[in-house]
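Enquirer: My structure is below; once you've seen it, I'll send some questions.
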Amino acid sequence: MSCLQELCSGLPFYPLPPNRGRVSDMPHAPIRTPHLTPQEQKVALRNALRYFPSDLHSILLPEFANELREFGHIYMYRFCPQIDMRAYPITQYPCKIKAAAAIMHMIMNNLDPCVAQVIPNYSSRDEYEKMFAMGVTMYGQMTAGSYCYIGPQGIVHGTVLTVLNAGRRYLGLDNLSGKVFVTSGLGGMSGAQAKAAAIIGCVGVIAEVDKTALNKRHQQGWLMQITDNLDQCVAQIREARRKKTALSLGYHGNVVDLWERLVEEYELTGELLVDLGSDQTSCHNPFSGGYYPAELTFEAANQMMHTDPNGFRKLVQESLKRQVKAINKLSEKGMFFWDYGNAFLLEAKRAGADVEKAGGGTLEFKFPSYVQHIMGDIFSLGFGPFRWVCTSADPSDLAETDTIATSVLEDIANEEETSSFVKQQYSDNIHWIREAAKHNMVVGSQARILYSDQNGRVKIAVAINRAIAAGKIKAPVVISRDHHDVSGTDSPYRETSNIYDGSAFCADMAVQNFVGDSFRGATWVSLHNGGGVGWGEVINGGFGLVLDGSTDAEGRAKMMLNWDVSNGVARRCWSGNHKAYEAICRTMKEHSGLRITLPHCVEDERILDKELQN
């Protein structure tokens with residue numbers, strides 16, 4: 001499979017391609033130990049062989065069995081395509097209809113080594129590991145599960161908005177120059193934190209134990225400086241604070257050591273060197289490479305998680321307790337910390353760390369999740385990560401869509417009836433589009449993401465579709481969104497963590513969006529488990545819709561996007577969110593065809609107390 005024609009024609013059987021084995025210079029998931037029984041191993045091999053004619057089984061069986069023993073999964077490396085895996089211009093795909101070519105374009109973009117960094121972050125849930133090893137499921141993640149992952153640009157944008165709004169809420173500031181944000185993780189998702197700090201203009205300090213990941217971000221230009229020395233790290237923080245210069249500093253070491261050093265500095269000098277703090281390690285998968293204990297080197301940890309998983313688990317939990325202890329001390333002195341939806345506080349609680357909130361419910365900890373305090377109100381207004389991909393793979397098409405989106409958002413922001421809070425969100429995103437082009441945000445196919453509400457999403461989609469019809473954009477554009485949105489995901493410790501009516505654990509938004517989007521015109525839809533916070537903890541619903549310049553595409557975009565956003569706003573309205581109530585009432589006025597039954601509020605809570613006393 002050395003060309004697109006061969007790749008799209010299916011698996012090659014006669015002759016079989018040579019077995020080149022695992023490519024050593026590509027990133028791979030950690031070796032798994034699924035603990036399959038002999039019978040389950042037989043099932044795994046039988047499942048793998050069912051894709052091939054029986055006369056090939058004797059050739060393939062030994063290598064499949066070896067992969068299962070060596071890697072904990074049958075990867076079928078013999079059939080790894082030799083073609084450069086990336087999103088090719090849509091015109092190069094063999095197809096009967098452009099929508100099919102667009103799907104191939106999106107799938108190959110997700111498999112581009114520059115983009116596809118979600119793959120190693122598997123869930124560690126035992127049942128999932130067995131099913132994955134037996135070849136009957138895989139980890140859908142979030143946008144990768146709906147073929148709409150665009151690399152780190154999406155999380156860069158989300159991190160920019162999160163830190164900006166954290167500064168407004170916790171520090172009362174729009175300008176964060178000279179303010180220090182400390183966190184950890186420079187992987188496929190968390191690596192965005194360095195670039196976000198640079199765009200915002202604050203001092204971002206990010207710890208990372210994996211030198212390869214750290215060097216990659218530095219070579220990308222996302223990290224301005226790197227150090228493995230805590231003395232130097234502290235000195236650079238002080239200098240950047242004093243000069244109020246933007247800095248993204250990567251610390252090669254464990255974040256626990258960094259937090260404990262910041263505590264020592266405060267105790268020695270009385271100087272609080274951090275204003276905002278969070279964590280983006282993959283704590284939804286803490287015992288299989290998502291979180292590294294402070295007591296071990298990166299290499300020793302990778303070895304121990306495989307050879308002594310119980311001992312490794314204990315070390316991880318001890319590190320979580322140490323990290324929380326340091327964070328607690330600094331927060332008492334004025335540092336503001338939030339959970340970034342990566343299950344950090346949940347796993348810290350399970351480890352026995354001091355994160356309990358007095359009187360808090362199931363979803364509340366000593367520190368808030370960023371949805372509860374920062375992004376929840378934005379979601380409730382219908383704002384969320386809308387994205388699109390130019391299948392021509394031509395940067396000039398992306399530039400044209402940037403111009404279109406900027407113009408649309410500026411027109412809406414200038415309307416008299418737009419509230420000040422909504423204007424602020426539009427302003428942030430107009431600024432983002434301009435900065436994104438300057439900061440070379442594209443990895444893989446020509447894609448863009450921004451936060452918009454229902455009004456903006458529909459108008460942008462319509463304007464792009466008309467530009468395709470007019471020849472201003474040369475090829476179809478795929479529109480989609482992140483699942484980290486107003487209605488795409490049911491995740492009680494992240495996206496739905498600010499839903500307090502007892503329904504945060506119900507998977508209704510994702511399922512209703514999946515079903516509703518499908519018959520309102522989406523080109524494809526997806527529904528999957530586990531993305532972002534771990535297997536069994538979340539349900540995600542996603543879509544892709546191809547804009548080809550036709551009147552049919554415009555109609556489908558209007559019908560589907562209106563549902564995709566309003567469903568989530570209505571759901572949040574019924575959970576008791578006042579901003580969502582206001583947003584859905586305003587939307588019904590703007591769209592005569594939309595009818596939402598509104599909830600009735602208890603005007604005097606004292607009647608409830610009285611009745612309960614009786």
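The values are calculated or read from the model by the stated rules, or taken from the named source; none is laboratory data. No experiment lies behind these values; they were computed from the predicted model shown. Backbone-built Cβ (ideal geometry, glycine too); neighbour counts: all protein chains shown. These accessible areas exclude ligands, DNA and RNA; they are computed on the full protein's heavy atoms, side chains included. Shrake-Rupley method; radii C 1.70, N 1.55, O 1.52, S 1.80 Å.
Enquirer: Please work out the Cα center distance from the range 61-82 to the range 298-323, rounded to the nearest Å.
Expert: 28 Å
Enquirer: Let me ask another. Rounded to the nearest 20 debye, what is the charge dipole size of the chain about its Cα centre when +1 sits on each Lys and Arg Cβ and -1 on each Asp and Glu Cβ?
Expert: 760 debye
Enquirer: Residue separation times 0.36 nm, minus the C-alpha to C-alpha distance between HIS57 and ASP394: what's the value?
Expert: Extending this stretch completely gives an extra 117.0 nm.
Enquirer: I need the P(r) histogram for the range 383-537: all alpha carbon pairs, bin width 10 Å from 0 out to the longest distance, whole percents.
Expert: P(r) over the range 383-537, rounded to whole percents: 10, 34, 34, 19, 2, 0.
Enquirer: Put +1 on the Cβ of every Lys and Arg and -1 on every Asp and Glu Cβ in the chain; which of ALA553, ALA246, SER190 then has its Cα farthest towards the positive end of the dipole?
Expert: ALA553
Enquirer: Let me ask you something else. Provide ARG595, ARG168 ordered by accessible surface of protein heavy atoms (probe 1.4 Å), highest first.
Expert: ARG595, ARG168
Enquirer: Then there is this: 7 Å from Cα along Cα→Cβ at both GLU271 and ASN19: what's the point-to-point distance in nm?
Expert: According to this spin-label approximation, the distance is 6.1 nm.
Enquirer: Still on this structure, please answer the following. Roughly what % antiparallel, to the nearest 5, for the DSSP beta bridges in the chain?
Expert: 55 percent
Enquirer: Show the residues, 5+ positions off or on another chain, whose built amide H is closer than 5 Å to the amide H of ALA294.
Expert: Amide H neighbours of ALA294, under 5 Å, 5+ apart: SER319.
Enquirer: Using only the alpha carbons of the range 1-134, determine the length spanned along each of the three principal axes and report them from longest to shortest in whole angstroms.
Expert: Over the range 1-134, Cα extents along the principal axes are 48, 36, 28 Å.
Enquirer: Continuing with the same structure: At most 16 other Cβ atoms within 10 Å and a DSSP loop assignment: could you name the GluC sites (Glu not before Pro) in the range 248-293 that fit?
Expert: Sparse-neighbourhood loop GluC sites (Glu not before Pro): GLU271.
Enquirer: Per DSSP H run of at least 4 residues, take -39500 (n - 2.57); add these up for the chain, divide by its residues and hand me the 222 nm value, nearest 500 deg cm²/dmol.
Expert: Calculated mean residue ellipticity at 222 nm is -14000 deg cm²/dmol.
Enquirer: Solvent-accessible area of LYS459, probe 1.4 Å, all protein chains present, reported in Å² to the nearest ten, please.
Expert: 80 Å²
Enquirer: What FRET efficiency would be calculated for the residue pair ASP231, THR91, taking the C-beta separation as r and a Förster radius of 56 Å, to the nearest 0.05?
Expert: Efficiency, from the Cβ-Cβ distance: 0.50.
Enquirer: Apply the Karplus curve 6.51 cos²θ - 1.76 cosθ + 1.60, θ = phi - 60°, to the phi angles in the range 488-503 and return the couplings in whole Hz, x for Gly and Pro.
Expert: Going residue by residue, I get x, 9, 10, 9, x, 9, 9, 4, 10, 6, 9, 9, 10, 8, x, 9 Hz, with x marking Gly and Pro.
Enquirer: Fully extended, how many nm does the chain gain between ASP609 and GLU415 (0.36 nm per residue separation, minus their Cα-Cα distance)?
Expert: Here the segment from ASP609 to GLU415 would lengthen by 65.4 nm.
Enquirer: Ordering TYR451, TYR51, TYR493 from largest to smallest accessible area (1.4 angstrom probe), what's the sequence?
Expert: Reading off the accessible areas and sorting them downward yields TYR51, TYR493, TYR451.
Enquirer: Okay, next question. If one computes the Cα centroid of the range 577-591 and of the range 496-530, what distance in Å separates the two points?
Expert: Measuring centre to centre over Cα atoms gives 20 Å.
Enquirer: Fully extended, how many nm does the chain gain between ILE107 and ARG50 (0.36 nm per residue separation, minus their Cα-Cα distance)?
Expert: That works out to 18.2 nm of additional length.
Enquirer: Quote the Stokes-Einstein diffusion coefficient, in whole µm² s⁻¹, for the chain, based on the Kirkwood radius over alpha carbon pairs, a temperature of 10 °C and a viscosity of 1.306 mPa s.
Expert: Using the Kirkwood radius from Cα pairs, D works out to 62 µm²/s.
Enquirer: Got a sec to turn the phi values of the range 380-397 into Karplus ³J(HN,Hα) couplings, 6.51 cos²θ - 1.76 cosθ + 1.60 with θ = phi - 60°, whole Hz, x for Gly and Pro?
Expert: Along the range 380-397, the couplings run 5, 7, x, 7, x, x, 7, 9, 8, 10, 8, 6, 5, 6, 9, x, 5, 5 Hz.
Enquirer: A further question follows. Which value in Å does the Kirkwood hydrodynamic radius of the range 240-393 take, with 1/r averaged over all unlike C-alpha pairs and then inverted?
Expert: Final number for the Kirkwood radius of the range 240-393 is 17.5 Å.
Enquirer: Using a/c under 1.5 as the rounded threshold, could you call the range 189-268 rounded, prolate or oblate? The axes a ≥ b ≥ c are square roots of the C-alpha gyration tensor eigenvalues, and prolate needs a/b larger than b/c, oblate otherwise.
Expert: Cα axes put the range 189-268 in the oblate bin.
Enquirer: So, one more: Could you name the lysines in cross-link range of LYS98, using Cα to Cα under 17 Å and dropping any fewer than eight places away on the same chain?
Expert: The reachable lysines, counting only those whose Cα sits under 17 Å from LYS98, are LYS474.
Enquirer: Using θ = phi - 60° and the Karplus relation 6.51 cos²θ - 1.76 cosθ + 1.60, list the HN-Hα couplings for the range 42-48 in order, rounded to whole Hz, with x at every Gly or Pro.
Expert: Result, rounded to whole Hz: 4, 4, 4, 5, 4, 4, 5.
Enquirer: Follow-up question, since we're still on this one. For the range 510-601, what does the alpha-carbon gyration tensor say about shape, rounded, prolate or oblate, given a ≥ b ≥ c as the root eigenvalues, a/c under 1.5 as rounded, and a/b over b/c as prolate?
Expert: Verdict is oblate for the range 510-601.
Enquirer: Amide H to amide H, which residues 5 or more places from PHE337 or on other chains are under 5 Å from it, using H placed in the peptide plane?
Expert: Placed amide hydrogens put GLY277 under 5 Å from PHE337.
Enquirer: Can you give me the Kirkwood hydrodynamic radius for the range 341-454, using every pair of distinct Cα atoms, in Å to one decimal?
Expert: Every distinct Cα pair counted, the radius reaches 16.8 Å.
Enquirer: Further question: Starting from the Cα gyration tensor of the range 311-354, take the square roots of the eigenvalues, sort them a ≥ b ≥ c, and report rounded, prolate or oblate (rounded when a/c is under 1.5, otherwise prolate if a/b is larger than b/c, else oblate).
Expert: Oblate, since a/c reaches 1.5 and b/c is not below a/b.
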